[in-house]
1. What is the number of the single condition among (1) over 30 Å from Leu19 (Cα atoms); (2) assigned to a helix (DSSP H, G or I); (3) not aliphatic (A, V, I, L, M) that Thr121 does not meet?
2. Any residue in segment 37-58 that's in contact (Cβ under 8 Å) with a residue 60 or more places away in the chain: show its pairings with residues that are among the acidic types (Asp, Glu) at Cβ separation under 8 Å, as long as the two are six or more apart or on different chains.
3. Going through segment 95-134 one residue at a time, which ones are over 19 Å from the mean Cα position of the chain (by Cα) and among the aromatic types (Phe, Trp, Tyr)?
4. I need the full set of residues from segment 93-106 which are surrounded by 12 or more Cβ atoms within 10 Å (Cβ to Cβ) and free of Cβ contacts under 8 Å to residues at least 60 places away in the same chain, in order please.
5. Being loosely packed, with under 12 Cβ neighbours inside 10 Å, under 24 Å from the mean Cα position of the chain (by Cα) and at pLDDT below 80 is the filter here; which residues of segment 2-27 pass it?
6. Just checking, how many residues over segment 40-60 are β-branched (Val, Ile, Thr) and exposed (fewer than 13 other Cβ atoms within 10 Å of the Cβ)?
Amino acid sequence: MLLATIYFGSLVIDSSYTLAVSFITDPYWDKTYVRITNVSWLVTELYNFFLLCSSVTRTVRESKRVSSSIHLILDRCTTDTKIETELMEFSRELLQRRVEFNVYGMFSLDLSLLYSVLSATVTYLIILIQFQLQ
């Protein structure tokens, strides 16, 4: 997953830079193919990374909701004592083990990662364009 994140970040920076430079150096439509290719790669990779991050965020959110649903079932329904015991044990397990997805403990895979990668991309893109203009 770490390599996928690094690959995504470098691909977004490279495609954005190539696209921006093609607009700066040649404002006419001579490089239409390059622009269309870069935009399609950018949209595809952003969509894939968004799907990954939003799936992780939804999974973590749902795991938090399961615990409250278990207590709601226990409060409102009369169940067998064995089922009630199992539900209580499952609820304790959910409280003790937080559902979390991260990459080797360095950063978590959620929508904040997407925002961080995009903000770093914009920062690097601005720096690269400034060097291109000089």
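The values are calculated or read from the model by the stated rules, or taken from the named source; none is laboratory data. Just so it is clear, the model here is predicted, and its values are computed rather than measured. Using ideal geometry, Cβ is built from the backbone for each residue, glycine included, and neighbour counts are taken over all protein chains shown.
1. Going through (1) over 30 Å from Leu19 (Cα atoms); (2) assigned to a helix (DSSP H, G or I); (3) not aliphatic (A, V, I, L, M) one by one, Thr121 breaks only (1).
2. Final answer for the pair search is Cys53/Asp110.
3. If the condition is that a residue be over 19 Å from the mean Cα position of the chain (by Cα) and among the aromatic types (Phe, Trp, Tyr), then Tyr124, Phe131 are the ones that fit.
4. Leu94, Val99, Glu100, Phe101, Asn102
5. Once the filter is applied, which keeps residues that are loosely packed, with under 12 Cβ neighbours inside 10 Å, under 24 Å from the mean Cα position of the chain (by Cα) and at pLDDT below 80, segment 2-27 yields only Leu2.
6. Residues meeting the conditions: 2.
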